[in-house]
Structures are given as structure tokens and as C-alpha cells.
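Comments concern the structure below.
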Amino acid sequence: MTEAAQDAVVTFLLDPATHGVSGPVEVIDTHISRVFLAGARAYKLKRAVLLPYTDASTPGKRLANCRKEYDLNRRTAPDLYLAVRRITRAPDGSPEFDGEGPLLDAVVEMVRFDQEALFDRMAERDDLAPGMMGELAATVVRHHSEAPVVHSGSGSGNIAAVLDINLAGFHTSDLFCAAEIERLDAAFRSGLERHREELDAREAAGLVRRCHGDLHLRNICLFEGRATLFDCIEFSDQLATVDVLYDLAFLLMDLWHREKRGFANLVANRYFDAAKSDDGYALLAFFMALRAAVRAHVTATFAIEADDERASQESAARSYFDLAEVLLEEQPAHVLAIGGLSGSGKSTVAKATAPRLGAAPGARLLESDRQRKALFGVPSETRLPQGAYADDVSEKVYGMLADRAARLAASGASVIVNAVYDRAARRDALEGAVKRHDFTGVWLHAAPETLRDRLIERPKGASDATLAILETQLEADTGPMTWRAVSSEGDVAATVDAVLTAVRSDMRGSRLS
């Protein structure tokens, strides 16, 4: 396809008459596409590029990519993707849609939605909310559970191929010098060796699948009131056939890079909660670093032709590169237990502390309320009958929390365990289970009236605690308390700082942010 033909296609798509609209056609440029917004429709045109990770150099290849994009994205956004439109040469030589003449190019036709509904825009406006992000995590879990399993090699081999593509991608621009590219690549190869056995085991278990592949905030929108995944990778099965956690890691990295670390931690924890697994949590930092590196070289390549935006794009690429290096730094596991009577603020403090403990995206959060609901196979908001709180059931719940904390810490993940822990035997059992790792036990306390007021005022969540339960707790003997006492009478930030101060005194090398 000649440059003149390319220009003719762009002119055709920019013409309001082409789409039967009166207003101007807006254009959004991405790294490998141009999106034309016309009335109630959007038309996505592939750039004529040949890169280490995609070949869209001919009209035929771009048509094939459009058809694949349509088919794949209908899985997660069936109401958003409408058709594939061929752009052909009319008898008079001008472009037209779906004619009988030679193929000039192709576009994917989509429903146009408000660009302010993109999650990256919402993040910039601070419009993301915990409930929304929890629902997003559940959506991603469903997508991964339905994604086809692919056995085409080892899990470590799959990641090694990503490293090879990254290495080639960094050499498509001159932003990064050879020495720093080599340094980053060596750090990734070292990380790959550390995780090789686990990556291979995950592939054997069917956790390498044909995923979305490009799951960052700009490829998620609020469509018809639901978090909707769109614009998956269609041009390379290799790039999109990955460990499901590597797919998730793009979203987590994007949130982390934007300083939305609380949301990154929340999404990670809700994803693992919905998946009913803790396996692989310690891989997230490595996967997030790999995603940051991908973003670094893709952005650096895009900056070459970004004209007025070149400086800002190069700055962004550099920030992703720097983030990748930070995320690759090893972090020893730390186990933090937060106990206290109902209403002491355990859940609030645990959630606020988790993003600041251990490697990105922060600590895995284990909660007795969620553990108990999972044991009975009900959603976390479902109220359980009194029998579900019998001593034998509670002993099982606390035992499961201790076992999970020990396994997570052994895998290299930091953990926060949130439960009442008003019995010395349960506290001792947890400490014994994680004795090989850094441990901090914190006991949150507040005046009885404060606890009562909080129970009355707090919204419905995973906890089934009532005022009657609190009164029983207040009358009980908690036994010898060796955990560090922290008052939760003040605001949450002050309480979190006090908890982290306690953690810091028990650390042997973990890092706090």
C-alpha cells in the first residue's frame, strides 16, 4: 500500500460525510492504531507498522487483525464491538466501505462511548471507587476462568520469550543506552531463574491461557454501568498467551504507576479471593516489573513519531523503566497479624496498611470473616447463622488462616492476617506457624463506647458482628497479651502509622513504603 493510498484512507475516515454525520470526526492515536470517532460510532484503523511484536504492514494483514480483534473482544464486550468493515477502492478510485474493488484497508466498527468512562480518565479524576474495583477484579477472574488453556511450552519458556521481545523492543528507540538495557535484562533473567519452577508448575496446571494481553486502565471502560474489558491483543497470540497473573499484572502495574497503590492492592486481593487461591501471589511483583518494561519500550518507540509530545512520552517511558527496576528488587516476607475486638477498626487498618507492606502490590490480606464465609460457600456479604460461629468452626477458621499465612510467607509473599485473636492459644498458633519469618502481632484497642458506636454506624460488610457479640468479647479474658498494643481511637492514618512503626521494629530487611 502506497503512502498516497494510506493518506486517502485517513482522509476518507476523517470526512463526516463518510459516516453521515454533521460534526467533525475526532481522532485518538495509540501506539499501533488510530481511532476515528464519528457520531455514535468509532472506527479503529491499524497503523501500517512492522515491529518486533506485530506485523501490520499490508492491508491483508490488517484485515486479518481486525477480524481477530472483533472475534476476541466479543468475548468480554459483545455489545461494544459491531462489525469489521473493509475499505475498498471504488470505480472512481476513491475509498468506500465494503465495495467490490481492491482492498485498501480495514477498520473495526464499535459503539462510541464517552471517553470519560475510560478507567484511566476516571483514575485521573479520582473517580475510581473500591466497590467498582472489586467488581473489576471479579470480571477479570471470570475472563481468565473462561479463557482457553494453551499448552505450547513451559511456563518459564513463555516468560523467556517475553524477555526476548522486550530486549528487541528496547532497541527500536535510542532512549535507553545499551548498558542500562543490559542491566535490566540481566535482572529479569535472574528473576526468571528464581521463579522457573513455579512458572513451569503453573503452566502444567493450566494457568497459561489465551488472555486479554493488554489489560491496563485505558482498555477498561464503564459501559452500561459495568466494568468492561476491551481492546485485547489480537495481533499476536504469543503475546496474549500468558500466565493469567501476568495478564492481571498489567492492571496492577498501571494502578501502581499512577500512585493508586491502595486500588492495586485491593484488586489483587479481590482477584485472589474470587479465584479462591493464594497460589502465585509472590509472583506479582516480578510480573508487574515485566509489564512496566513492556510499557517502557512501547512508549519509547511511540515517542519517536510523537512530535510535540515526544518529550512527555520519553519521560513516561523513562518512568516505566525506573519502576521496572524498583519492582525487581527482592523483598523478604513479613507476616503482620492485626487483632482486636469487634469495632476496633481491624479491617479498615489492615486494608490501609496492606499496600505499604512488602513487595508490590503489597501484602496478601487474609480475613477471618471472608475465610468463614468461604468455608460455608457463601458470598462475603451473606449473614451466617449462629452455628457458623461455634468454637469448633472458629478453631477451623483460625487454623486455615495460620496455614495460609505460613504458605504465603514461605512462597515469599508478605501477609496481613485480620481476625479478633482474643484467645492466647490462637495467637500462639499463628506465631508458631510463621516462626521462620518476620512477624509482628498488633492488638488494636479502643474504649468500649467507641467500639459500640462503630458497630452501630458501620455499613454492612463481611463481618456479622453485633453489639451482643461485642459485649461477650468485652467480658472475656484475652489471656497474656504479648502483641504490641496500638490505640485505634484516632484517625485511620495515625493508627496505620503506629502499626507500621511496630512492624518496622520487628523487620529484618522488609521495606515499607
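The values are calculated or read from the model by the stated rules, or taken from the named source; none is laboratory data. Keep in mind the model is a prediction, meaning the values are calculated, not measured. Glycine gets a Cβ as well: all are built from the backbone with ideal geometry, and neighbour counts include every protein chain shown. Each accessible area value is taken on the protein alone, full model and side chains, heavy atoms only, with ligands, DNA and RNA left out. Shrake-Rupley method; radii C 1.70, N 1.55, O 1.52, S 1.80 Å.
Counting the residues of the stretch 88-126 that are part of a helix (DSSP H, G or I) and surrounded by fewer than 18 Cβ atoms within 10 Å (Cβ to Cβ) gives 6. Pairs, please: C-beta under 8 Å, at least 6 apart or cross-chain, first residue in contact (Cβ under 8 Å) with a residue 24 or more places away in the chain and more than 16 Å from ALA289 (Cβ to Cβ) and in the stretch 171-195, second open to solvent by 60 Å² or more (accessible area, probe 1.4 Å) and part of a helix (DSSP H, G or I)? Qualifying pairs under 8 Å: LEU175/ARG318. Scanning the stretch 41-58 for residues that are modelled with pLDDT under 95, open to solvent by 20 Å² or more (accessible area, probe 1.4 Å) and of a type outside the set (Ser, Thr, Tyr) turns up ARG47, ALA48, VAL49, LEU50, LEU51, PRO52, ASP55. Across the stretch 172-207, the number of residues qualifying as surrounded by 15 or more Cβ atoms within 10 Å (Cβ to Cβ) and not in a helix (DSSP H, G or I) comes to 5. Of the residues making up the stretch 213-227, those that are at negative phi, open to solvent by less than 10 Å² (accessible area, probe 1.4 Å) and either of a type in the set (Asp, Glu) or touching a Ser or Thr at 6+ places or on another chain (Cβ under 9 Å) (or both) are ILE220, CYS221. Of the residues contained in the stretch 248-269, none is found to be among the polar types (S, T, N, Q) and either surrounded by fewer than 23 Cβ atoms within 10 Å (Cβ to Cβ) or without any contact (Cβ under 8 Å) to a residue 12 or more places away in the chain (or both).
Residues checked against (1) touching a residue at least 24 places away in the same chain (Cβ under 8 Å); (2) farther than 30 Å from LEU50 by Cβ; (3) outside any helix (DSSP H, G or I):
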residue: ALA317; (1), (2), (3): yes, no, no
residue: TYR320; (1), (2), (3): yes, no, no
residue: PRO332; (1), (2), (3): yes, yes, yes
residue: LEU336; (1), (2), (3): yes, yes, yes
residue: SER342; (1), (2), (3): yes, yes, yes
residue: SER347; (1), (2), (3): yes, yes, no
residue: ALA354; (1), (2), (3): yes, yes, no
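Residue-level check: of (1) free of Cβ contacts under 8 Å to residues at least 60 places away in the same chain; (2) closer than 30 Å to THR139 by Cβ; (3) out of contact with any helix residue (DSSP H, G or I) (no Cβ under 8 Å at 6 or more places or on another chain); (4) open to solvent by 60 Å² or more (accessible area, probe 1.4 Å), ARG62 misses just (4). Of the residues making up the stretch 267-294, those that are touching a strand residue (DSSP E or B) at 6+ places or on another chain (Cβ under 9 Å) and either in a helix (DSSP H, G or I) or of a type in the set (S, T, N, Q) (or both) are ALA268, ASN269, PHE272, ASP273, TYR281, ALA282, LEU283, PHE287. Within the stretch 31-53, the set of residues being in a loop (DSSP other than H, G, I, E, B) and free of Cβ contacts under 8 Å to residues at least 40 places away in the same chain comprises ARG47, VAL49. Given the conditions (1) open to solvent by 30 Å² or more (accessible area, probe 1.4 Å); (2) within 32 Å of the chain's Cα centre (by Cα); (3) within 30 Å of THR139 (Cβ to Cβ), report the number of the one that ARG85 does not fulfil. The single condition ARG85 does not satisfy is (2).
Counting the residues of the stretch 328-348 that are over 13 Å from SER414 (Cα atoms) and either buried (at least 24 other Cβ atoms within 10 Å of the Cβ) or over 22 Å from the mean Cα position of the chain (by Cα) (or both) gives 9.
If the condition is being in contact with a helix residue (DSSP H, G or I) (Cβ under 8 Å, 6 or more places away or on another chain), modelled with pLDDT of 90 or more and either farther than 19 Å from TYR389 by Cβ or open to solvent by less than 50 Å² (accessible area, probe 1.4 Å) (or both), then the stretch 457-480 contributes LEU470, THR478, GLY479, PRO480. Within the stretch 287-310, restricting attention to residues that are without any contact (Cβ under 8 Å) to a residue 40 or more places away in the chain and open to solvent by less than 40 Å² (accessible area, probe 1.4 Å), the residue that is nearest to the chain's Cα centre (by Cα) is ALA292. Among the residues examined, PRO52 does not qualify as out of contact with any Gly (no Cβ under 6 Å at 6 or more places or on another chain) and of a type outside the set (Asp, Glu).
Residue selection: GLN313 fails the criterion of being open to solvent by 30 Å² or more (accessible area, probe 1.4 Å) and assigned to a loop (DSSP other than H, G, I, E, B). Please verify whether THR18 is more than 27 Å from ILE220 (Cβ to Cβ), open to solvent by 30 Å² or more (accessible area, probe 1.4 Å), at pLDDT 95 or above and touching a strand residue (DSSP E or B) at 6+ places or on another chain (Cβ under 9 Å), treating the condition exactly as stated. In short, yes.
Residues that are of a type in the set (D, E, K, R) and under 30 Å from ALA187 (Cα atoms) were ranked within the stretch 125-177; the one that is modelled with the lowest pLDDT is ASP174. For beta carbons closer than 6 Å, sequence separation of 6+ or different chains, a first residue in the stretch 396-411 that is basic (Lys, Arg) and a second that is outside any helix (DSSP H, G or I), the qualifying pairs are ARG404/ASP278; ARG404/LEU366. If you go through the stretch 405-452 and pick out every residue that is within 22 Å of THR478 (Cα to Cα), open to solvent by 10 Å² or more (accessible area, probe 1.4 Å), charged (D, E, K, R) and out of contact with any helix residue (DSSP H, G or I) (no Cβ under 7 Å at 6 or more places or on another chain), you end up with 5.
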